[in-house]
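Take a look at the structure below.
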Amino acid sequence: MAGPDADAKGNDRFNTEAMNWDQNPTVVQSGILARAAYLKRLPPSPELSTLSVLEIGCGTGLFSLSLAPLVHDLTAVDAAEGMISVLSSKLSSSDPIRSLSPPGVADAPVPGTSITNVLPVAALLTSPDDPRIQIDPLTRQPTTGRRFDLVISHLVLHHVADLPALFATVFACLKPGGHVMVTDFEDFGPEAERFHPAASMDGVERHGIKRGVMEAVLTQAGFEHVQVETAFELDKMVETMPGNRVMEHKMTFPFLICRSRRPVV
Ligand SMILES: C[S@@+](CC[C@H](N)C(=O)[O-])C[C@H]1O[C@@H](n2cnc3c(N)ncnc32)[C@H](O)[C@@H]1O
């Protein structure tokens, strides 16, 4: 496992939450819905199985490990060492890993040790040449100039302070013609703030992502064919009054999927 960045924002919170992360029903349900949304838009096999994927903000790998069997390899990056530690434990265990299947489809758990194409990396990426992602996940051998076919990220962008800087890095990490596909809840107005309980705002940089902002950030980073659309809606219990810790009010949060391509030349 590669070393973490001590100054990564929100790390304290996510290091603390890592052990119980997979028990969070919002995280699990949003991952199930996101997986279906990605698979609807990604190329089918056999093309899908040729892709080298970079995931930003993989957490404990709930989303990563559900996609890994479908792609060639997956480099799973998170700024919080605690999250990567949990993911690494899953991968070195013979216990079955819970997968995120679409609603109505039974899970098909596989042992962690049978997933051999995932490289967990604790890092806050700022360069495509960061040696921690210059490693072939299959052989674990160092490489140089490694670039990816696809960059994915789910439920992370609302924690990222500088979106233009992140997408400049994402752009540089892609091969020419490579794609980015990211999902997060939408900032649809002041009510979006209720996504997080008032006591859980550590590391929250914005209350969801805005369509226009995402279109502008991706375009300014140099991407083409920028598409931002509603991917799914998530029902979530929120505080009945902000700050009262009584999670008994159900709200529906739209999630955006943002897609674009690094130009071929
Ligand atoms: C809400 S969690 C989502 C985790 C995972 N994607 C999931 O769906 O379970 C957000 C994660 O993004 C990570 N994160 C935030 N900013 C990041 C960045 N710039 N680079 C890498 N990870 C980041 C945090 O450490 C945290 O684990």
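The values are calculated or read from the model by the stated rules, or taken from the named source; none is laboratory data. Since the structure is predicted, the reported quantities are computational estimates derived from the model, not experimental observations. Cβ atoms come from the backbone with ideal geometry, glycine included; neighbour counts cover every protein chain shown. In case anyone asks, the SASA skips ligands and DNA or RNA and just uses the protein heavy atoms, side chains included. Shrake-Rupley method; radii C 1.70, N 1.55, O 1.52, S 1.80 Å.
The table below gives the values:
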quantity	calculated
Residue within the range 29-46 that is farther than 23 Å from VAL238 by Cα and within 11 Å of the ligand (Cβ to nearest atom) present	yes
All positions within the range 249-265 that are hydroxyl-bearing (Ser, Thr, Tyr) and open to solvent by less than 60 Å² (accessible area, probe 1.4 Å)	SER260
Residues located in the range 69-85, provided they are of a type outside the set (D, E, K, R) and open to solvent by less than 10 Å² (accessible area, probe 1.4 Å)	LEU74, THR75, ALA76, VAL77, ALA80, MET83, ILE84
Within the range 218-248, considering residues that are open to solvent by 80 Å² or more (accessible area, probe 1.4 Å), acidic (Asp, Glu) and in a strand (DSSP E or B), the one farthest from LEU33 (Cα to Cα)	ASP235
Only listed residue being in contact with a strand residue (DSSP E or B) (Cβ under 7 Å, 6 or more places away or on another chain), polar (S, T, N, Q), outside any helix (DSSP H, G or I) and at pLDDT below 95, chosen from SER94, SER64	SER94
Verdict on LEU100 being within 14 Å of the ligand (Cβ to nearest atom) and open to solvent by less than 10 Å² (accessible area, probe 1.4 Å)	yes
Which numbered condition THR26 misses (of (1) closer than 27 Å to LEU256 by Cβ; (2) in contact (Cβ under 8 Å) with a residue 12 or more places away in the chain; (3) open to solvent by 60 Å² or more (accessible area, probe 1.4 Å))	(3)
Any hit, the range 88-95, residues being surrounded by fewer than 20 Cβ atoms within 10 Å (Cβ to Cβ) and more than 25 Å from ASN11 (Cα to Cα)	yes
